[in-house]
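The values are calculated or read from the model by the stated rules, or taken from the named source; none is laboratory data. In this text, all values refer to a predicted model and were calculated from it rather than measured experimentally. We place every Cβ from the backbone using ideal geometry, glycine too, and count neighbours over all the protein chains shown. To get the accessible areas, we keep the full protein, side chains included, count just its heavy atoms, and leave off ligands, DNA and RNA. Shrake-Rupley method; radii C 1.70, N 1.55, O 1.52, S 1.80 Å.
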Amino acid sequence: MPSEAVIQPRPQGSEPLLLDVEGMKCGGCVRAVERRLLQTPGVGQASVNLLTRTAWVELEPAAAGSDGACLDPLPALLSGLEDLGFRARPRSQGQDVPGERERRRQEHWWSHWRQLVVALLLLSVSGLGHLADAGRLPWPGPWHLLGTPWTHALVASLALAFPGRPILASGLRSALAGVPGMDTLVGLGVASAYLSSLVGWLWPGSGWPCYFNEPVMLLGFVLTGRFLEERARYRTGRAIGELSALQPDHALLLLGEGPPRQVRVGGLRPGDRLRLLPGDRVPVDGRVLEGISSVDASSLTGEPLPRAVEPGSELAAGMLNLSGSLVLEVQRCGAESAIARIVQLVERAQARKAPIQGLADRVAGRFTLAVLVLALATLLFWWLWGCQVWPGVLDAPAAGRGLHVHGGAAVTVTPFSLALQLAIAVLVVACPCALGLATPTAITVGAGVAARAGLLFRGGDAIEIASRLEAVLFDKTGTLTIGRPRVTAVRLVGAGAALGADRLVQLAASLEQHSRHPLAHALLEEAQARQLPLLPAAEARAVPGQGVQGRLEGSVEVRVGRLAWLARDGVALEAAGAAFQDALAAAGATVLAVAADGVLLGLLAVEDRPRPDAAATVTRLRRLGLRLGLLSGDRQGSVEQLGQRLGLRPEELAWELRPEDKLERILLARGRGAVAMVGDGVNDAPALAAADLGIAVGTGTQIAQDTASLVVMGEGLAGIVRALEIARRTMAKVRQNLAWAFGYNLIVLPVAAGVLLPGFGLRLSPGLAALLMACSSITVVGNALLLQPPPVDPPS
């Protein structure tokens with residue numbers, strides 16, 4: 001019994017690289033990393049995901065050096081990113097990768113947590129000092145010392161030296177590398193506020209503003225926002241962790257006749273035998289040797305109903321054994337297993353961006369420089385000209401800001417101090433993070449939701465194409481049909497009536513037992529289902545396009561094949577048998593005649609039945625507004641009959657097509673919009689590659705799955721509709737996030753620069769600007785987390 005969830009790995013030479021990149025904070029960083037990767041010799045394509053901090057790199061065919069050896073571009077990739085200030089490491093595919101990745105995530109998490117705790121403690125001390133300076137503390141005693149200028153200076157210095165140091169160092173490093181990013185803007189704003197306060201405190205006559213609480217508030221709000229954003233990022237990537245958790249760490253290994261021994265899954269090798277108890281997860285891809293049970297494959301394929309397994313059945317790692325005890329032979333383990341392959345596909349899907357992200361990346365790549373120019377222009381405008389034109393703005397309160405302190409007295413706002421505050425607000429309120437996160441957050445969540453439903457997108461580009469499809473074309477055999485012909489009717493005629501149906505099936509299956517023809521397989525399955533022993537066959541030979549003839553039980557000459565072939569050799573057919581054949585042929589079945597010693601015994605109808613959910617899938621796709629079509633190499637009658645049963649219109653059917661004919665039909669359909677092709681076989685691979693979106697069903701061949709942009713696990717077709725609905729919902733979230741990211745920056749940057757100051761007397765303080773910036777990034781990630789999968793239709 002073939003496995004629906006086993007995915008074979010691609011040839012090793014075609015594997016792209018997946019890099020973990022540390023230090024990226026915004027869309028500008030993404031743009032810089034992509035440009036440096038694409039500048040590296042040997043790199044064909046590169047895509048960087050800010051949310052997962054990964055880079056997907058597709059290499060060109062290996063170039064050879066002067067000595068004939070293949071050049072490895074990995075060292076150049078890593079060193080090039082290191083020059084920009086980004087540490088990178090290749091993503092390994094070993095067995096212990098999930099644990100190592102979780103360890104690094106925990107270290108990163110605790111680093112953010114320590115910075116946040118220190119920053120909030122210092123922010124609390126600074127707040128108490130502000131209250132003490134204003135005489136609002138309810139406690140007597142030495143608490144008033146918190147309001148002295150030197151205490152404010154000490155707290156601000158500690159804030160920059162400890163929780164703020166990574167931001168300052170990263171911002172300076174990226175600026176020196178020529179790729180200023182989010183840390184550059186925040187670091188410049190914090191440092192400007194601190195240095196201005198230091199100068200104003202040490203040289204009161206300078207007229208510079210002294211507000212040591214501002215850099216502390218900036219760091220507190222920024223680090224709080226990043227901590228919350230990090231938690232949201234972790235939630236968006238939970239799909240990979242949940243998939244990895246499906247594979248147990250240990251298995252019960254059978255050694256000879258002794259009891260099973262518990263071993264680590266990483267130590268298993270193909271050919272090992274395992275004991276699988278009820279309630280155990282399947283640890284590796286394997287084949288059942290002994291036992292009968294049922295397994296739950298819903299975690300991999302999304303199918304709600306359990307499947308029966310028996311000796312010969314193939315199981316994929318991650319399935320849940322429900323009832324009986326099984327003996328399993330290991331076929332693939334570690335990085336070769338189905339669950340590992342699925343995790344790799346999801347990781348690459350999350351790393352490959354959607355084309356719609358291109359605009360945001362182009363804007364984000366120049367966004368930081370534009371903000372720096374705007375901040376400088378704001379400083380010069382209000383310092384040298386704006387305050388002279390509108391002198392009343394010096395008395396306007398700043399939204400979200402407390403008093404400036406200097407020796408316990410309020411400081412008079414000067415043109416320079418006002419200009420500096422506005423410039424700092426511009427630096428801090430700008431949010432290139434929202435631009436960089438708008439698309440990858442939604443794509444990551446969407447790919448994870450799809451993976452949990454057994455739907456594997458190859459990347460964000462596949463999700464975007466799936467969301468805007470105009471037409472879906474199907475192959476017939478193995479796609480709309482089950483792909484395994486079965487005997488659907490038995491009709492006895494003449495002398496066959498005395499033999500019985502079992503004897504007729506036994507004769508036909510015995511003669512076909514050495515044939516590899518799909519129809520022979522159907523006869524053998526029917527004999528097995530009826531528990532009929534096969535008779536020894538002698539002198540069996542196949543007549544191409546007609547049937548098989550030979551001798552059974554030593555002397556009986558038996559023929560199985562087309563009725564016209566038997567008729568040419570003098571086998572007579574009565575009128576009732578002819579009518580039965582015509583009725584079955586009109587229904588799309590293949591009719592096999594069975595004759596012994598020149599006498600017709602009966603007719604067998606063999607039919608490849610439609611998938612149980614094929615008709616419902618066609619109906620639901622039509623409701624989505626999609627054009628449909630069936631491209632098949634089968635004969636006209638079979639295709640028309642299937643189309644009628646599934647609700648396809650006559651003009652949507654095409655038959656007797658060769659692979660090149662299917663390509664021509666697909667290219668013609670692409671002229672009217674994006675087209676998806678659904679197939680499963682080797683001859684479908686060119687059609688899948690030619691379509692805008694190739695969709696392979698999970699029971700298909702490996703070449704079809706490798707060519708497709710979407711793999712639907714399991715035996716049903718309902719996953720196609722579910723995948724398209726998930727894609728549409730995902731792209732709706734992408735558009736919402738992009739609208740928010742662009743809209744936020746277009747609104748708050750002019751407000752921070754003081755556009756509302758002359759007419760309304762409103763301006764943003766640097767502290768409130770930092771809070772708005774943090775909320776902007778969190779809003780984008782939080783909106784993506786609201787993405788919900790479409791409801792599952794109950795099984796029929």
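Going by accessible surface with a 1.4 Å probe and the largest first, Met713, Met217 read Met217, Met713.
What order, most packed first, do the peptides 530-542, 180-192 have when packing is the mean number of other Cβ atoms within 10 Å of each residue?
Working: 530-542: 12.8, 180-192: 26.1.
Packing proxy ranking, top to bottom: 180-192, 530-542.
Peptides 367-375, 602-610, 417-425, ordered by how many other C-beta atoms sit within 10 Å of their residues on average, highest first, read 417-425, 602-610, 367-375.
So, for the range 156-216, what is the accessible surface per residue at a probe of 1.4 Å, expressed in square angstrom? If you can, show how the numbers build up before the last one.
Values: 2330 Å² over 61 residues.
The answer is 38 Å² per residue.
Straight Cα distances below 29 angstrom link Lys353 to the lysines Lys25, Lys733, with same-chain residues fewer than 8 positions distant left out. The distance from the alpha carbon centre of the range 665-679 to that of the range 497-560 is 43 Å, rounded to a whole number. A 1.4 Å probe, protein heavy atoms only, puts the accessible area of Asp461 near 40 Å².
Counting only protein heavy atoms and using a 1.4 Å probe, the accessible area of Phe86 comes to about 10 Å². A simple rule links phi to the HN-Hα coupling: the Karplus curve 6.51 cos²θ - 1.76 cosθ + 1.60 with θ = phi - 60°, which for the range 195-204 gives 5, 4, 5, 5, 5, x, 7, 6, 10, x Hz, with x for Gly and Pro.
Scaling the Cα radius of gyration of the range 169-296 by the globular reference 2.2 N^0.38 Å produces a ratio of 2.13. Helix 149-161 versus the longest principal axis of the chain: what angle, 0 to 90°, nearest 10, using Cα atoms? Approximately 30 degrees, to the nearest 10.
Compare Glu512, Glu22 by solvent-accessible area with a 1.4 Å probe and give them largest first, with all protein chains kept in place. Please list the in-between numbers first.
Details: Glu512 15, Glu22 65 Å².
Solvent-accessible surface, decreasing: Glu22, Glu512.
A protection proxy built from the mean count of other Cβ atoms within 10 Å ranks the segments 262-272, 487-497, most packed first, as 487-497, 262-272. Restricting the calculation to Cα atoms, the range 261-361 yields a radius of gyration followed by a Dmax of 16.7, 57 Å.
For the chain, the share of DSSP beta bridges that are antiparallel, to the nearest 5, is 80%. In the chain, a dipole from Cβ-located charges (positive for Lys and Arg, negative for Asp and Glu) runs towards its positive end, and of Asn321, Leu717, Ile778 it is Ile778 whose Cα lies farthest in that direction.
Local charge for Ala509 was computed over the other residues whose Cβ lies under 10 Å away, with Lys and Arg +1 and Asp and Glu -1, and equals -2.
Only DSSP H runs of four or more residues enter the estimate; each adds -39500 (n - 2.57), and after division by the residues of the chain the mean residue ellipticity at 222 nm equals -15000 deg cm²/dmol.
Its alpha carbons give the chain an Rg and a Dmax of 35.0, 122 Å.
Accessible surface computed residue by residue for the range 465-520, with neighbouring protein chains in place and a 1.4 Å probe, gives 40 Å² per residue. At a probe size of 1.4 Å, how large is the accessible area of Arg89, to the nearest 10 Å²? About 80 Å², ignoring ligands and nucleic acids. Taking only the alpha carbons of the range 445-498, we obtain Rg and Dmax values of 21.6, 66 Å in that order. Averaging sequence separations of C-alpha pairs under 8 Å and six or more residues apart, then dividing by the length of the chain, give the relative contact order as a whole percent. For the chain, the relative contact order is 15 percent.
Share of carbon and sulfur in the accessible area of the chain stands at 59%, probe radius 1.4 Å.
For the range 726-785, what does the relative contact order come out to in percent, with C-alpha contacts under 8 Å and a separation of six or more? Walk me through the intermediate numbers first.
Working: 20 pairs, mean separation 26.7, N = 60.
The normalised contact order for the range 726-785 reaches 44 percent.
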